[in-house]
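Taken together, the values in this text are just the output of simple stated rules run on the coordinates, not laboratory data. Since the model is a prediction, treat every value here as computed from it, not as a measurement. Here the Cβ is made from the backbone with ideal geometry for all residues, glycine too, and neighbour counts use every protein chain on show.
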Amino acid sequence: MNVRSVRPELLDRLHENDLRLAAELLQDPAVLRRNHVSLDWEGAWRLDTGSLCDGDFRDVSVRFEARIPLRPVRLIAEGCGLSRGEVERLIEEGKVVSAVRLSGKVSQNFTFTLKR
């Protein structure tokens, strides 16, 4: 890209290594795709369960500060100390339910209910 085609305020932020700008650009799928960038999110999230997996019934809200794609099955498994197979079985049995699809990846806030 020709430097003259960049807005002056954006160019200033680029020269200053603005951390907020970097975070914005790293969350823009078009920028990532165009520049062949792949982010490693390993270890970038955690589920603080406290007593989540104890008791009969728990509603859990998952909130993202950044758009980190993750597999809900993996999040639930690691947070509850279960295998992914066990979590998938609980989903099939209707003991873990959510309005979002729990298989695949999500990167937006969601909730799920764990029934034991």
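List the GluC sites (Glu not before Pro) in the stretch 56-86 that DSSP assigns to loop (not H, G, I, E or B) and whose Cβ has at most 11 other Cβ atoms within 10 Å. Which are they?
Those satisfying the criteria are Glu65.
Using a Gaussian network model of the chain with C-alpha springs under 10 Å, which one of Asp18, Asp28, Asp59 is most mobile by mean-square fluctuation?
Maximum fluctuation in the GNM of the chain, among the listed residues, is at Asp18.
Taking the chain, how much of its Cα-Cα pair set, in percent, is spaced more than 16 angstrom apart?
67 percent
Evaluate the distance, in nm, between pseudo-label points positioned 7 Å from the Cα of Arg33 and of Glu92 along their respective Cα→Cβ axes.
In this crude label model, Arg33 to Glu92 measures out at 3.4 nm.
When the helix-only estimate is applied to the chain (DSSP H runs of n ≥ 4, each -39,500 (n - 2.57), divided by the residue count), what is the mean residue ellipticity at 222 nm, nearest 500 deg cm²/dmol?
-9000 deg cm²/dmol
Two-decimal Rg/Rh of the stretch 57-115 from alpha-carbon positions, Kirkwood Rh?
Result for the stretch 57-115 is an Rg/Rh of 0.93.
Quick one: net charge around Ser107, please, counting Lys, Arg +1 and Asp, Glu -1 for every other residue with C-beta under 12 Å from its C-beta.
Values: positive: Arg63, Arg67, Arg71, Lys105; negative: Glu65.
Local charge sum for Ser107: +3.
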